Structures are given as C-alpha cells and as structure tokens.
Amino acid sequence: MSRVPEPDPSPTHEVDVAALYARLQEEVRKGAVLTPEAQQTAPRARLSARSEAERLWPVTAERPLERRTGVKGAVGRFTKKIVRKLTRWYVEPVIADQRAFNDALLKLIDDLEERVAALERKEP
C-alpha cells in the first residue's frame, strides 16, 4: 500500500482534504497489494500458524510431572499428584471452557477463510 506523504509543517501549505479522502478511499477499495514473495510465503505462514493452533487447542491440566531423583524428587512428585487431585474440581471446568472456546474459534476462522476465498473468487 502506498504511503501518504507527511504534511508540510509550514503554515502556507494547504491540504486538499477532499482529494486526500478520495485517494484513501481508492486505496482501501484496492486492498493491500502483496509482493510476489509475500504471496508465496503468506499461505505457508498461515498453514504453520494453523498447525500450531491445532496442536495447542486441547488445553489440559494433566502435564507430565518433572522427574527428579532422590528423596526430594519423590516427595515433590507425591505432593504434586495430591495437589492436582485436590484442585482438579476447581481447574477442570475452566480448562473445559477454554477447550470449547478454542475449538469454536478455530471453526470460526475456517469459516471466515472460506468466505474470504469465495469473495476473492467472485471479484473480477
């Protein structure tokens, strides 16, 4: 997209507001013009972001416990297991809501992407 030149700070410079507004409207109508390099990398970046979102959307409180050796490690693992069981009733509903939200959001993004693709195919 072309940049609008910075206004002249001198008081004698007048800006044609109507012409500037018309130019801005035209640029918005055209949309962002991607360079050929950006057109090639945009789908790859979108796929990469999508695959990461797919990997991360199922939020869970059940993460593997860190394995430490010795008495401290055994006491720590036992303590963490007990704390997890005691707090599950509190944490699990929030995590379930987050999973549902993440799933709905990914479906909405897919729907929007399909709509944009359909609109781009319709343009002359």
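The values are calculated or read from the model by the stated rules, or taken from the named source; none is laboratory data. Keep in mind it's a predicted model, so treat the numbers as computed, not measured. Reconstructed Cβ throughout: ideal geometry from the backbone, glycine too, with neighbour counts over all protein chains shown.
Among the numbered criteria (1) within 30 Å of ARG29 (Cβ to Cβ); (2) more than 22 Å from the chain's Cα centre (by Cα); (3) basic (Lys, Arg); (4) surrounded by 10 or more Cβ atoms within 10 Å (Cβ to Cβ), which one does ARG50 miss?
Here ARG50 clears every test but (2).
Could you please find all residues in segment 16-47 being at pLDDT 75 or above and exposed (fewer than 10 other Cβ atoms within 10 Å of the Cβ)?
Hits for segment 16-47 are ASP16, VAL17, ALA18, ALA19, GLU26, ARG44.
This table checks each residue for (1) within 17 Å of the chain's Cα centre (by Cα); (2) more than 22 Å from ALA49 (Cα to Cα).
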residue	(1), (2)
THR79	no, yes
ILE82	no, yes
ARG88	no, yes
VAL91	no, yes
ARG99	yes, no
LEU105	yes, no
GLU113	yes, no
ALA117	no, no
GLU120	no, no
